[in-house]
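Asks: Before I ask anything, here is the structure I am working with.
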Amino acid sequence: MSAPRRYLVCGLPGSGKTTRSRAIASATGAIRLCPDEWIVDVGVRLVDYQFRFLLQGRVLRHAEELLRAGVAVIIEFGSWSRAEREACCTGRWPRASMCGSTLEGGPRTGAAPQINIKEIGVKTARSKDGTMLAYDVHGSGPALIYITGASCFRSFKPVRQDAREFAKEFTVYNYDRRGRGDSGDTPPYSVEREVEDIEAMIDAAGGRANLYGHSSGAVLALEAALRLGDKVDRVVMYDPAYVHDEAERLSYGQLGQKVQKLLDGGKNKEAMISFLKGIGMPGIFVWLLPLFPGWKTMVALAPTLAYDIALTKDLPPVDRAAQVAVPTQVIVGEKSPAGMRDVAGQLTKAIPGARFELLAGQDHMVSAKALLPVLSRFLKQ
């Protein structure tokens, strides 16, 4: 009788690991061991790397027990580095894989523990509070920092496609905002910390860069323009997602309280659904979302909704916007919500010399192909 087989399925997020491992399980009867699914099921954040490494070590020990019992196993990890793959194959998970901490002893400082993602081939920048930010670089041309909106991350297919389209004209720095993807997260959250993250990305780009922000990312782009001075060359905001009037501010505040209560109760799925419905996403689309491959990742990112709500819960800061000294363009989709069109008008009026463009045929989920010519005309002047 042959020995039971150990299958290692590894790859980047969205590369098809789960589809492949399920096919193997169906064909062979092997047991799937997928830490990411367990992390989501128990309501822990995917970026809680200390918990992740402890769990992965336990999963490997469980795999060894199954193999000794004659049961084939499928180990479904990211496993980007050779060291990780060897650990999965040998069953010996490293005991000290955290920055500034050990798995046995816990963190040596008060900062949130973070995986040393430099060791697994991911480009990183360090923010002022020590948070490691993961990023990719695409294309050539003037540096452009891409600041995404709520529930987005750099390997999310639409974000990746946008970055590659923009890369036809720019050197695009596509990064995971804190708490998302491969980036770390150091509490407590504040807008200032996110602006420091943008500064770290600008430094990675050589010390000066253009900024493009979408939705809540546009709010951050405006804050960076106000705070980072000469480091910012030009700013483009698409559909900046402030509330547009007092009535919306009150209703959005109620939505924020509801989402926070669900998050505090560990109900990430319900929090994400409530948020999407609350901001006006069509019900049929919200109903279909759990059928999409990226849904589990979106649910895992639900705690960062609190960050985006904090950014967008107030009226446009027109008094502060009047102090912007950076060339700025405000773009809004022709089919975007009326409130966003109102916000875009308020900011254009407030920011000295700001340019306004209504992008024909576009809604909040703007086409990068339609947007790129507008970006290029403004940013390459």
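Quick note: the coordinates plus some simple rules give every number you see, no bench work behind them. Keep in mind it's a predicted model, so treat the numbers as computed, not measured. Every residue, glycine as well, gets a Cβ built from its backbone with ideal geometry; the counts of neighbours run over all protein chains shown.
Asks: Full extension from residue 230 to residue 310: what is 0.36 nm times the residue separation minus their Cα-Cα distance, to one decimal in nm?
Replies: Stretched out fully, the residue 230 to residue 310 stretch lengthens by 26.2 nm.
Asks: Determine, for 349, 231, the number of other Cβ atoms within 10 Å of each Cβ, and report the residues in order from fewest to most.
Replies: Least to most surrounded, the residues fall as 349, 231.
Asks: What shape does the range 246-310 take by its C-alpha gyration tensor, where a ≥ b ≥ c are the square roots of the eigenvalues and a/c under 1.5 counts as rounded, a/b above b/c as prolate, and the rest as oblate?
Replies: oblate
Asks: For residue 365 and residue 292 in one chain, what is 0.36 nm times their gap in residues minus the Cα-Cα distance, to one decimal in nm?
Replies: Extending this stretch completely gives an extra 24.6 nm.
Asks: I'd like the distance separating the alpha-carbon centroids of the range 300-316 and the range 348-381, in whole Å.
Replies: 23
Asks: Now for a different question. Could you give the nm distance between label points at residue 123 and residue 285, where each point is 7 Å from its Cα heading toward the beta carbon?
Replies: 3.0
Asks: Quick one: what are the phi-derived ³J(HN,Hα) couplings along the range 272-284, Karplus 6.51/-1.76/1.60 with θ = phi - 60°, whole Hz, x for glycine and proline?
Replies: Result, ordered by residue: 5, 4, 4, 5, 5, 5, x, 8, x, 5, x, x, 5 Hz.
Asks: Sort out for me the Cα centre separation of the range 255-294 from the range 186-202, rounded to whole Å.
Replies: Centre-to-centre (Cα) distance: 25 Å.
Asks: Can you bin the range 342-381 into rounded, prolate or oblate? Criterion: square roots of the alpha carbon gyration tensor eigenvalues sorted a ≥ b ≥ c, rounded for a/c under 1.5, prolate for a/b above b/c, oblate for the rest.
Replies: Verdict is oblate for the range 342-381.
Asks: Please arrange 140, 21 by counting, for each residue, the other beta carbons lying within 10 Å of its beta carbon, fewest first.
Replies: With the sparsest Cβ surroundings first, the list reads 140, 21.
Asks: Something else: Can you tell me how much longer the chain between residue 61 and residue 28 gets when fully stretched, taken as 0.36 nm per residue apart minus their C-alpha distance, in nm with one decimal? Write out the running numbers ahead of the final one.
Replies: Numbers: separation 33, 0.36 × 33 = 11.88 nm, distance 2.13 nm.
Between residue 61 and residue 28, full extension yields an extra 9.8 nm.
Asks: List the chymotrypsin sites (Phe, Trp or Tyr not before Pro) within the range 172-255 that fall in a DSSP loop (any state other than H, G, I, E or B) and whose Cβ has at most 11 other Cβ atoms within 10 Å.
Replies: Values: sites: 173, 175, 189, 212, 238, 242, 252; in loops: 189, 242.
Counting only loop positions with at most 11 other Cβ atoms within 10 Å, none of the chymotrypsin sites (Phe, Trp or Tyr not before Pro) in the range 172-255 qualifies.
Asks: Which net charge results for the neighbourhood of residue 37, defined as the other residues with beta-carbon distances under 10 angstrom from its beta-carbon, given Lys and Arg at +1 and Asp and Glu at -1?
Replies: Charge balance near residue 37 sits at -1.
Asks: Using Cβ contacts closer than 10 Å as the measure, can you line up 7, 307, 146 from fewest to most? Provide the component values of the computation, followed by the final result.
Replies: On the way: 7 17, 307 22, 146 25.
With the sparsest Cβ surroundings first, the list reads 7, 307, 146.
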